[in-house]
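These notes concern the structure reproduced below.
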Amino acid sequence: MAFKVAEYKTDLHIDWCPGCGDFGITSALQQALAELEVEPHNVALFSGIGCSGKFPHYINAYGIHTLHGRPLPFAIGCKLANPYLTVIAIGGDGDGLGIGVGHFVNAGRRNVDITYIVANNGVYGLTKGQASPTLRLGMKTKSLPKPNINEGINPLLLAFASGYTFIARTYSYDVRHQVETFKKGILHRGLAYIDVLQGCPTYNDLWTKDWYMGRDHIDPETGKPQTRLYRLEDTGYDPVIPPEGLSQAEYEGRVAQFVQKALEWGDRIPIGVFWKDESVSTYEDRIRATAPTYLDWPPALRPICDAEGWPLTDIRKFLDELRVTG
Ligand code: SF4
């Protein structure tokens with residue numbers, strides 16, 4: 001069955017600033033879902049607080065605009081209740097790497113089969129551009145009175161240290177690259193982290209479209225702008241740990257190349273899939289090891305009443321146990 005991108009659009013007026021990178025992310029996610037032919041009613045989106053909190057408003061699927069820093073626990077709960085849904089958590093860097101960082105780290109330990117997309121712009125856009133956890137030391141955006149005196153978190157390295165089994169980076173003004181990256185993340189069996197370099201033209205005048213495209217960065221030999229972004233896919237980089245694993249030496253080689261690429265920032269910035277470990281069991285696999293019928297009767301699909309509407313759950317025994325006597 002072919003799906004049209006229009007089926008994933010809503011009629012709501014979009015109220016992000018003109019030129020915001022969130023437009024490209026929305027469009028790319030709609031295209032990715034359409035190309036994967038996931039029916040809108042089988043998609044569940046969870047956002048936190050910030051400009052990015054509005055993603056579920058503009059994508060026609062089930063969606064919840066949750067609490068600050070909390071899209072991951074909502075998304076994980078949803079996936080475990082109904083593992084047949086395509087579940088996507090989506091938020092900003094301030095939301096996920098500030099107040100939500102505890103969830104960010106602990107989600108990695110579980111490896112639930114969901115996708116987490118972070119629109120990373122280095123600022124808290126909704127509250128007028130304060131420095132977010134990813135803004136680097138010494139950077140002074142136009143919204144800051146003084147340069148940032150904190151070092152920035154590297155979300156790719158944090159995701160790796162936390163145990164995410166798919167780690168990628170893409171760019172909000174390159175819709176096609178985002179579509180391909182989102183599709184890979186959604187198809188990955190396990191927890192996928194996708195960092196999107198997202199333009200915030202209102203508050204971050206440093207990480208701009210011109211900066212990423214290198215328009216201030218002229219190659220002295222050719223006299224042409226040298227784009228900072230380059231695709232790992234074009235370099236022969238292999239991010240995959242196969243299901244059967246690798247030898248210790250090969251694994252360490254993969255880790256070393258991942259760290260090298262995750263640290264690369266400045267004149268050259270890699271985008272693409274950095275890490276894809278297919279050898280780690282998912283949380284759902286681990287549940288099935290102790291509850292073999294989990295996928296037959298996941299919590300959200302269990303009948304709760306009979307044909308006449310009478311509840312199938314009898315809690316009288318439980319209430320009896322709680323009864324205080326004498
Ligand atoms: Fe986008 Fe920045 Fe405006 Fe927020 S403040 S809508 S991130 S441009």
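The values are calculated or read from the model by the stated rules, or taken from the named source; none is laboratory data. The structure displayed is predicted, hence computed values, not measured ones. When we count neighbours, we look across all protein chains shown, and the Cβ atoms used for this are built from the backbone with ideal geometry, even at glycine. Surface accessibility is based on the protein's heavy atoms, side chains included, excluding ligands, DNA and RNA. Shrake-Rupley method; radii C 1.70, N 1.55, O 1.52, S 1.80 Å.
Tabulated data
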| item | result |
| --- | --- |
| Solvent-accessible heavy-atom area per residue, rounded to whole Å², over the chain at 1.4 Å | 49 |
| C-alpha center-to-center spacing [the stretch 113-163, the stretch 295-313] in angstrom | 44 |
| Over the stretch 73-222: Kirkwood hydrodynamic radius from C-alpha pairwise inverse distances, Å | 16.3 |
| Computed [θ] at 222 nm, helices only, for the chain once each DSSP H run of length n ≥ 4 contributes -39500 (n - 2.57) | -8500 deg cm²/dmol |
| Nearest 10 degrees, 0 to 90: helix 101-110 Cα axis against the chain principal axis | 60 |
| Too-long pairs where the Cα-Cα distance tops 21 Å, listed order kept, from LYS79/LYS184; LYS9/LYS209; LYS4/LYS184; LYS184/LYS224; LYS183/LYS276 | LYS9/LYS209; LYS184/LYS224 |
| Rounded to the nearest 20 debye, dipole of the chain from Cβ charges on Lys, Arg, Asp, Glu | 760 |
| Highest-first arrangement of 91-104, 295-308, where packing means the average Cβ count within 10 Å | 91-104, 295-308 |
| Rounded FRET efficiency, nearest 0.05, which uses the C-beta distance separating ASP314 from LEU206 and R0 of 41 Å | 0.10 |
| Compactness of the stretch 5-288, expressed as Rg and Dmax over alpha-carbon positions, Å | 18.2, 60 |
| Top of GLY129, GLY63, GLY245 by mean-square fluctuation, Gaussian network on the chain, Cα under 10 Å | GLY245 |
| The chain - percent of accessible surface contributed by carbon and sulfur, probe 1.4 Å | 57 |
